[in-house]
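Here is the structure we will look at, set down as structure tokens.
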Amino acid sequence: MTVGKFITLEGGEGAGKSTVLAAVRDLLAARGLDALVTREPGGTPAGEEIREVLLDTTHHGLCAEAELLLMFAARAQLVRERVRPALATGRWVLSDRFTDASFAYQGGGRGQPVERIAELERWAADGLKPDLTLLLDLPVVEGLKRANGRGSTDRIEMENADFFERVRAAYRARAASEPARFRVIDASRPLAAVLANVRRAVSGFLDAARVRA
Ligand code: Z5A
């Protein structure tokens, strides 16, 4: 039995991950891959409860250290309960965010030390790294405009534009440092163009992995 592949979607506010996720899932299905689809923070019963705590605006005083550890608590559970077991049976996994988000939001945004996050990645996330990461990149102002159109605002979305500029810069720096894993998609373009670029990137990855239709 071959081990499945792990694909993640990342990006700032309003980048369009939800829309892109559905397109990637359909593309995998067209190649006969029934992927496990999950999200972070969350993806397990315990993780979804941790998500509630993390995003609830009543916890506006949550310190950066607690935020980081809660992200990794949810991730530790997700990796062991769902992702590793699925990959081990040959199933592909598609996740809306993973550890790169902690490097971007808690590292870039909150200023938590990168080496601590890297240690948590090794220990709490069991060293698991995605095989392919699509980074949906767009200017912060544009993303916030789109996100604001959705209505309610969660605890992290309440941060200011400077915070999201640091998040974006951290994401782009990670993509630049791991070009073999990342595909940066210009998410400021019209949706049809974004989806065409996503399909091209994922199809290339599937071809390289020798997954045929
Ligand atoms: N977080 C963290 O800090 N650390 C971590 O380790 C992890 C997460 C894992 C929840 O994540 C929060 O947790 C998130 C990061 C933090 N913080 N914030 N803020 P989430 O992924 O669940 O939440 P989100 O970032 O707010 O994602 P979202 O709400 O799912 O947004 P999205 O999926 O990227 O966007 P969308 O809903 O698909 O699109 C937004 C709107 O734009 C919508 O109306 C679309 O129709 C529209 N759209 C999409 N694409 C286009 C294009 N191309 N043109 C025009 N309009 C478009």
Inset, instruction - Label segment 88-161 by shape, choosing from rounded, prolate and oblate, from the square roots a ≥ b ≥ c of the eigenvalues of the Cα gyration tensor; if a/c is under 1.5 it is rounded, and otherwise prolate applies when a/b is larger than b/c, oblate when it is not. - result: oblate
Inset, instruction - Take the alpha carbon atoms of segment 153-199, find their radius of gyration, then divide it by 2.2 N^0.38 Å using N residues; give the quotient. - result: 1.41
Legend entry - Accessible surface ranking that places the most exposed of Ser203, Ser102, Ser188, Ser18 first, with a 1.4 angstrom probe: Ser18, Ser188, Ser203, Ser102
Inset, instruction - Report the relative contact order of segment 6-208, percent, no decimals, based on alpha-carbon pairs under 8 angstrom and at least 6 residues apart. - result: 33 percent
Legend entry - Evaluated at q = 0.20 Å⁻¹: base-10 log I(q)/I(0), Debye formula over Cα of segment 29-152: -1.27
Legend entry - Phi-based couplings in Hz for segment 15-25 (Karplus 6.51, -1.76, 1.60; Gly and Pro marked x): 6, x, 4, 4, 5, 5, 4, 4, 5, 5, 4
Inset, instruction - Leaving ligands, DNA and RNA out of it, rank Arg172, Arg150 by accessible area with a 1.4 Å probe, largest first. - result: Arg150, Arg172
Inset, instruction - Give the whole-number value, in cubic angstrom per residue, of the convex hull volume spanned by the C-alpha atoms of segment 133-178. - result: 83 Å³
Inset, instruction - With a 1.4 Å probe and all protein chains in place, put Arg82, Arg212, Arg181 in order of accessible area, largest first. - result: Arg212, Arg82, Arg181
Legend entry - Distant-in-sequence amide H partners of Arg91 (H built 1.01 Å from N, under 5 Å): Gly4
Legend entry - segment 113-121 - phi-based ³J(HN,Hα) in whole Hz, Karplus 6.51/-1.76/1.60, Gly and Pro as x: x, 4, 5, 5, 5, 4, 5, 5, 4
Legend entry - Within-12-Å neighbourhood charge of Ala86 [Cβ basis; K, R +1; D, E -1]: +3
Inset, instruction - Just grab the label-to-label distance for Ala22 and Thr57, each label 7 Å out from Cα along the Cβ direction, in nm (one decimal). - result: 2.7 nm
Legend entry - DSSP bridge pairs, the chain: antiparallel proportion in percent, nearest 5: 0 percent
Inset, instruction - Have a look at Leu135, Ala74, Ala104 and report the one farthest towards the positive end of the charge dipole of the chain, computed about the Cα centre with Cβ charges (Lys/Arg +1, Asp/Glu -1). - result: Leu135
Legend entry - Two-decimal ratio, the chain, of alpha-carbon radius of gyration to 2.2 N^0.38 Å: 0.98
Inset, instruction - Quantify, in whole percent, the carbon and sulfur part of the accessible surface of the chain (1.4 Å probe; protein heavy atoms only). - result: 53 percent
Legend entry - Amide hydrogen neighbours beyond the local backbone of Glu159, cut-off 5 Å, H modeled: none
Inset, instruction - Could you state the accessible area per residue of the chain in Å², with a 1.4 Å probe and every protein chain left in place? - result: 48 Å²
Inset, instruction - Can you tell me the dipole magnitude for segment 123-213 around its Cα centre, using point charges on the Cβ only (Lys, Arg +1; Asp, Glu -1), in Debye to the nearest 20? - result: 380 debye
Legend entry - 3J(HN,Hα) from dihedral phi, segment 82-87, Karplus parametrisation 6.51/-1.76/1.60, rounded to Hz, x for glycine, proline: 10, 6, 4, x, 5, 4
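The values are calculated or read from the model by the stated rules, or taken from the named source; none is laboratory data. From a predicted model like this one, the values you see are computed outputs, not experimental measurements. Positions of Cβ are backbone-derived with ideal geometry, glycine not excepted, and every protein chain shown enters the neighbour counts. Accessible surface is based on the protein model in full, side chains and every heavy atom, while ligands, DNA and RNA are left aside. Shrake-Rupley method; radii C 1.70, N 1.55, O 1.52, S 1.80 Å.
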